[in-house]
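Scroll down for the structure; my scribbles are underneath it.
The values are calculated or read from the model by the stated rules, or taken from the named source; none is laboratory data. Treat the numbers as computed from the prediction; the structure is a model and nothing was measured. Here the Cβ positions follow ideal geometry from the backbone for every residue, glycine too, while neighbour counts run over all protein chains shown. Only protein heavy atoms, including side chains, enter the accessible area calculation; ligands, DNA and RNA are left aside. Shrake-Rupley method; radii C 1.70, N 1.55, O 1.52, S 1.80 Å.
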Amino acid sequence: LIMVKIYVDADACPVKNEIERIATRHNLITYMVCNGGIRPSRNSLIKLVIVKKVSDAADNWIIDHIRKADICITNDIPLAEHCIRKEALVITPNGKTFTEDNIGMALATREIMGQIRESGEATNGPPPFSKADRSNFLNFMETTVRYAKTF
């Protein structure tokens, strides 16, 4: 039986409290990976990992530690791709999922949007995080944890 762990790209994650509740309910060790500014949790299941303030340090720590059936919570598409390659499950804070089936399209879209921004054209950022996003995340995370435990 695989011991599922949760890895959180925590610096800008709006669902840290929800993740902690789910981790507690399912007794899952959870790594909150950030470059500082997050208070440690009193919950012994929640491990705060502070990485250096260099580009991709949190992503690289997660990539080095995540395993098959673990769950990564991130909006970072390249990080999601690395996790999928390691057979981990990836969820965004608003309850969407990255899979082998959709990661290629997500990477391509990210590339195109980057080119548009570089050309000086204004692009809209992501919509503000909503109660519906939080609710979607909680529902999807619960389903994902149950699925991960079947590996």
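A few notes on this one:
- Meets criteria (free of Cβ contacts under 8 Å to residues at least 12 places away in the same chain and not small (Gly, Ala, Ser)) for PRO40: yes
- Search result, residues across region 60-82 that are in a helix (DSSP H, G or I) and open to solvent by 10 Å² or more (accessible area, probe 1.4 Å): ASN60, TRP61, ILE63, ASP64, HIS65, ILE77, PRO78, GLU81, HIS82
- The residue that is nearest to ALA12 (Cα to Cα), among those in region 67-82 that are among the aliphatic types (A, V, I, L, M), touching a residue at least 40 places away in the same chain (Cβ under 8 Å) and touching a Ser or Thr at 6+ places or on another chain (Cβ under 8 Å), is ILE73.
- Check on GLU111, outside any loop (DSSP other than H, G, I, E, B) and either touching a Pro at 6+ places or on another chain (Cβ under 9 Å) or at pLDDT below 90 (or both): yes
- When SER44 is tested against (1) over 10 Å from the mean Cα position of the chain (by Cα); (2) closer than 18 Å to PHE140 by Cα; (3) among the hydroxyl-bearing types (Ser, Thr, Tyr); (4) at pLDDT 95 or above, just one condition goes unmet, and that condition is (2).
- Those residues of region 106-121 which are closer than 19 Å to THR74 by Cα and either touching a Gly at 6+ places or on another chain (Cβ under 6 Å) or among the acidic types (Asp, Glu) (or both), in sequence order: GLU111
One line per residue, one yes/no per condition, for (1) open to solvent by less than 70 Å² (accessible area, probe 1.4 Å); (2) touching a residue at least 40 places away in the same chain (Cβ under 8 Å); (3) among the aliphatic types (A, V, I, L, M):
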{"residue": "ILE84", "(1), (2), (3)": "yes, no, yes"}
{"residue": "PRO93", "(1), (2), (3)": "yes, yes, no"}
{"residue": "PHE98", "(1), (2), (3)": "yes, no, no"}
{"residue": "GLY104", "(1), (2), (3)": "yes, no, no"}
{"residue": "ILE112", "(1), (2), (3)": "no, no, yes"}
{"residue": "THR123", "(1), (2), (3)": "yes, no, no"}
{"residue": "PRO127", "(1), (2), (3)": "no, no, no"}
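- Members of region 7-26 that are closer than 24 Å to ALA57 by Cβ and acidic (Asp, Glu): ASP9, ASP11, GLU20
- A Cβ distance below 6 Å, combined with a sequence gap of six or more or placement on separate chains, defines the contacts here; from region 48-66, residues that are over 16 Å from LYS16 (Cα atoms) and of a type outside the set (Phe, Trp, Tyr) reach residues that are assigned to a loop (DSSP other than H, G, I, E, B) and open to solvent by 50 Å² or more (accessible area, probe 1.4 Å) in the pairs VAL51/ASN35; LYS53/ASN35; ILE66/LYS86.
- Matching residues, region 1-59, being loosely packed, with under 13 Cβ neighbours inside 10 Å and not in a loop (DSSP other than H, G, I, E, B): ASN17, ARG25
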